[in-house]
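Student: Dropping a structure here in structure tokens format, bear with me for questions.
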Amino acid sequence: MAEQYSDEDWMRHALNLALKAQEEGEVPVGAVLVLDNQVIGEGWNRPIGHHDPTAHAEIMALREGGQRVQNYRLLDAVLYVTLEPCVMCAGAMIHSRIRRVVYGAADIKTGAAGSLLDILGHPGMNHQVQITSGLLAQECSAMLSEFFRQRRSQHKALKRAQRAAEGLDDKT
């Protein structure tokens, strides 16, 4: 009999995918799409590297899942993602008819699964997606916070270097 994995197991898998995004210089968000306790799609943020504003982790996982099952409707699938989905990703989840999304860190600025908006549960939509929020939230948030802390530090160092170079240019 195949081993049954828990929501936490799948979220840890999504965290590992988020590391791939980070290694590529992307915002570290990972997503794994599961159907019948099996991975049918995976994704991590790649909009910078792919020059594609739609290349979010969730979209990448949904695309792969659709190819795997040869259907855009992903009935009964569950998507695990490290960051609360945005409006675009929430819309794709509704269109794909996934059963549930499980996310880690809330996104108060752009979250469309309850933080800023609740697209997934909106009564006017033709499909509602069940939401489980906050799974491994601390780990997911810490990864994102550290990424942005490092990015700000790099940006400050670059500005200091530019100012120093300009100062040298002014003296010549």
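The values are calculated or read from the model by the stated rules, or taken from the named source; none is laboratory data. From a predicted model like this one, the values you see are computed outputs, not experimental measurements. Cβ coordinates were reconstructed from backbone atoms using ideal geometry, including for glycine residues, and neighbour counts include every protein chain displayed. These area figures cover heavy atoms from the full protein model, side chains too; ligands, DNA and RNA do not enter into them. Shrake-Rupley method; radii C 1.70, N 1.55, O 1.52, S 1.80 Å.
Student: It is to be established whether one or more residues within segment 120-142 are under 18 Å from Lys20 (Cα atoms), touching a residue at least 12 places away in the same chain (Cβ under 8 Å) and of a type in the set (Gly, Ala, Ser).
Tutor: Yes.
Student: Inside segment 8-36, can you point out the residues that are within 16 Å of Arg100 (Cα to Cα) and in contact (Cβ under 8 Å) with a residue 60 or more places away in the chain?
Tutor: Glu8, Trp10, Met11, Ala14, Leu33
Student: Another question, if that's okay. Can you work out which of the residues in segment 105-124 that are over 10 Å from Cys86 (Cβ atoms) and aliphatic (A, V, I, L, M) is surrounded by the fewest Cβ atoms within 10 Å (Cβ to Cβ)?
Tutor: We begin by selecting, within segment 105-124, every residue over 10 Å from Cys86 (Cβ atoms); these are 105-106, 108, 114-115, 118, 120-124.
Subsequent filtering for residues that are aliphatic (A, V, I, L, M) retains 105-106, 108, 120.
Working: Ala105: 25, Ala106: 18, Ile108: 9, Leu120: 23.
Only one residue tops the list, namely Ile108.
Student: With the structure loaded, tell me whether Ala2 is touching a residue at least 24 places away in the same chain (Cβ under 8 Å) and surrounded by fewer than 16 Cβ atoms within 10 Å (Cβ to Cβ) or whether it fails that test. It would help to see each step written out before you state the result.
Tutor: Numbers: touching a residue at least 24 places away in the same chain (Cβ under 8 Å): yes; surrounded by fewer than 16 Cβ atoms within 10 Å (Cβ to Cβ): yes.
Yes.
Student: Give the residue that is farthest from Leu79 (Cα to Cα), with candidates limited to residues of segment 1-15 that are assigned to a loop (DSSP other than H, G, I, E, B) and among the hydrophobic types (A, V, I, L, M, F, W, C). Steps first, answer last, please.
Tutor: Within segment 1-15, the subset assigned to a loop (DSSP other than H, G, I, E, B) is 1-6.
Those left that are additionally among the hydrophobic types (A, V, I, L, M, F, W, C): 1-2.
Working: Met1: 23, Ala2: 20 Å.
The selected residue is Met1.
Student: Is it the case that some residue within segment 21-39 is part of a helix (DSSP H, G or I), open to solvent by less than 10 Å² (accessible area, probe 1.4 Å) and touching a Phe, Trp or Tyr at 6+ places or on another chain (Cβ under 7 Å)? Lay out the reasoning, then the answer.
Tutor: Going through segment 21-39, the residues part of a helix (DSSP H, G or I) turn out to be 21-23.
Applying the additional criterion that residues be open to solvent by less than 10 Å² (accessible area, probe 1.4 Å) yields 21.
Restricting the remaining residues to those that are touching a Phe, Trp or Tyr at 6+ places or on another chain (Cβ under 7 Å) gives 21.
For segment 21-39, residues part of a helix (DSSP H, G or I), open to solvent by less than 10 Å² (accessible area, probe 1.4 Å) and touching a Phe, Trp or Tyr at 6+ places or on another chain (Cβ under 7 Å): present.
Student: Next up: Could you tell me how many of the residues in segment 68-95 are under 16 Å from Val39 (Cβ atoms) and open to solvent by less than 60 Å² (accessible area, probe 1.4 Å)?
Tutor: 8
Student: Would you confirm whether or not segment 36-58 contains a residue that is within 22 Å of Asn126 (Cα to Cα) and among the charged types (D, E, K, R)? Walk me through how you get there before you give the answer.
Tutor: Narrowing segment 36-58 to residues within 22 Å of Asn126 (Cα to Cα): 58.
Among the residues that remain, those that are also among the charged types (D, E, K, R) are: 58.
Yes: one or more hits.
Student: What pairs come up if the first residue lies in segment 37-61 and is within 20 Å of Gly104 (Cβ to Cβ) and in contact (Cβ under 8 Å) with a residue 40 or more places away in the chain, the second is in a strand (DSSP E or B) and open to solvent by 20 Å² or more (accessible area, probe 1.4 Å), and their beta carbons are under 6 Å apart, counting only those six or more places apart or on different chains?
Tutor: Ala57/Trp44
Student: Let me ask something else about it. Please go through segment 40-55 and give me each residue that is open to solvent by 50 Å² or more (accessible area, probe 1.4 Å) and either part of a loop (DSSP other than H, G, I, E, B) or under 14 Å from Glu26 (Cα atoms) (or both), ordered by number. Reasoning before the result, please.
Tutor: Start the filter on segment 40-55 by keeping residues that are open to solvent by 50 Å² or more (accessible area, probe 1.4 Å), which leaves 42, 46, 48-51, 53.
Passing the criteria: Arg46, Ile48, Gly49, His50, His51, Pro53.
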